[in-house]
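What follows is one structure encoded as structure tokens, with my remarks underneath.
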Amino acid sequence: MNAHDSEKVIGTLVSQGYAQVPTVEEAELVFYNTCSIRDKAEQKVFHRLDQFKRDGKGKTFAVLGCVAQQEGEKIFEKAPHVRMVCGSASYNQLPQMLVQLESGNRRVTGLSLDTEDTFETPLTRRDNPHRAYITVIEGCDKSCAYCVVPFTRGPERSRTSASVIAESRQLAELGSTEIQLLGQNVNSYRDPSPAAWDFATLLDNVGRVPGIRRVRFTTSHPRDFVKQIVDAIDENPALCNHVHLPVQSGSTRVLEAMQRLYTRDQYMQRIAWMKSARRPIAITTDVIVGFPGETEADFEATLGLLDEVEYDSIFSFKYSRRPNTSALALDDHIAEEEKGRRLAILQEKQRQIQIRRNAAYVGVVEECLVEGFNKATGQWIGRTSQNKTLNFLHPVEDGDLTGRYVEARVTRAGPNSLAGEYVN
Ligand code: 5AD
Ligand code: SF4
């Protein structure tokens, strides 16, 4: 989502007459897009800003994104060389803010969260000519006890279905074949226009845009994930065989403390829908270990859930205290060392699951979208519908395969990727 925000900001800047340069050294104006989802990401921001101060004499610095929204004008105190601080909900005001900067205002801020608008911009500068992101909903109306997003990205705002479809068509005309629909919780998408599409309808229709061969979406909240989404995947070949469904914990007690609004059983019901689909849907998730009050038994429930679901891959994190969040007030915060121990156990268990699952692909022919060539290994990098990386050999002299759909047979499998040979 941040990567796509940067694409929109770059598009806006270019439309104002700025030119993008490849390195910070060459820039006069430096926009730094930031993440504050966990403490580590945030610390990195201040470290980098310090570095910029030393190396960036004569440059103008702007801080964008969630750290900007969260820290606001405090950033000017911590990093006095910064001249603009702007959260994502205010990006539609960037052109005016740039004018203020250029006309000599020392400091400019865009920190309002009460904007009605989504950041519509036809000016987005896409990084990848084959795969494109489209935001369908911004912000989040949930209040998960650990999460800073509702404070940094504000309340939910859905785009109209007409504008999402128009953007999809335009991208297809420009040569994109894969679209990834984005939102903090795409499942709570509600078309504000009279058509009143829900997310499953939007997804299906994006998959019907001529020229679009693959559609992905991220991220889903289990509470709002409905069976119609699985049915749409079953019926529409353009929708990818992959659902990312963050569980966070396998213990209903912890889920309740996290205010996730579902039980383990309800989550497993969604998994059952996907497992009984006609298509082989890869399932991935996010897990937090060491949430305040998580007991050894709760943690073991999460380990048991991994065995039960057999995810294709997971993102896993140690719980990190975030400003404004309700979990700060909970008792029984877990020691860092213990969180580290749990994370290592969880990741090792998942590694074994992935080794086992991926081994089952040996001998199978998969269609891949070729993402590029890895000079170090001499292999082409392909991505399957299930979002697995499949590296394969093909003579470079025979031309650039990037952006093409090819078939490759899996010959070897590791925990994190597949390797194979080109078929056609
Ligand atoms: N601590 C640890 N992990 C977090 N995430 C969000 N907030 C926190 C936090 N405070 C994780 C969740 C979410 C993913 C994007 O980041 O797993 O799904
Ligand atoms: Fe954060 Fe929960 Fe909203 Fe996801 S659904 S962005 S975890 S508050």
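With the condition being of a type outside the set (A, V, I, L, M, F, W, C) and closer than 21 Å to V215 by Cα, I'd like the helices (runs of 4 or more DSSP H) fully within region 251-332 carrying at least 2 qualifying residues.
264-275
Please enumerate the residues belonging to region 144-189 that are in a loop (DSSP other than H, G, I, E, B), closer than 19 Å to D286 by Cα and open to solvent by 20 Å² or more (accessible area, probe 1.4 Å).
Y146, C147, Q184
What do you reckon, is K388 closer than 30 Å to R260 by Cα and open to solvent by less than 50 Å² (accessible area, probe 1.4 Å)?
Yes; evaluated as a whole, the condition is true for this residue.
Pull up region 138-183, narrow it to residues that are in contact with a strand residue (DSSP E or B) (Cβ under 7 Å, 6 or more places away or on another chain) and among the polar types (S, T, N, Q), then point me to the one that is farthest from ligand 2 (Cβ to nearest atom).
Filtering region 138-183 for residues that are in contact with a strand residue (DSSP E or B) (Cβ under 7 Å, 6 or more places away or on another chain) and among the polar types (S, T, N, Q), the one farthest from ligand 2 (Cβ to nearest atom) comes out as T177.
List every residue pair whose Cβ atoms sit under 7 Å apart, with the two residues 6 or more apart in sequence or on different chains, where the first one lies in region 302-320 and is farther than 17 Å from A360 by Cβ and in contact (Cβ under 8 Å) with a residue 60 or more places away in the chain and the second, anywhere, is within 16 Å of ligand 1 (Cβ to nearest atom) and of a type in the set (F, W, Y).
Y319/Y146; Y319/F291
Just checking, how many residues over region 333-372 are hydrophobic (A, V, I, L, M, F, W, C), in contact (Cβ under 8 Å) with a residue 40 or more places away in the chain, under 21 Å from I37 (Cα atoms) and not in a loop (DSSP other than H, G, I, E, B)?
Within region 333-372, residues that are hydrophobic (A, V, I, L, M, F, W, C), in contact (Cβ under 8 Å) with a residue 40 or more places away in the chain, under 21 Å from I37 (Cα atoms) and not in a loop (DSSP other than H, G, I, E, B) number 2.
Select the helices (runs of 4 or more DSSP H) contained entirely in region 25-112, then report the ones holding at least 2 residues which are farther than 29 Å from C144 by Cβ and away from ligand 2 (no atom under 16 Å from the Cβ).
Result: 39-55, 74-78, 94-102.
When both residues are 6+ apart or on different chains and their Cβ atoms are under 7 Å apart, which pairs have a first residue that lies in region 8-19 and is of a type in the set (G, A, S), and a second that is open to solvent by less than 30 Å² (accessible area, probe 1.4 Å)?
These pairs meet every condition: G11/T121; G11/T124.
The values are calculated or read from the model by the stated rules, or taken from the named source; none is laboratory data. Being a predicted model, the structure only gives us computed values, none of them experimental. Quick reminder, even Gly has a Cβ in these numbers, built from the backbone with ideal geometry, and neighbours come from all protein chains shown. Heads up: the accessible areas ignore ligands, DNA and RNA and are worked out on the full protein's heavy atoms, side chains in. Shrake-Rupley method; radii C 1.70, N 1.55, O 1.52, S 1.80 Å.
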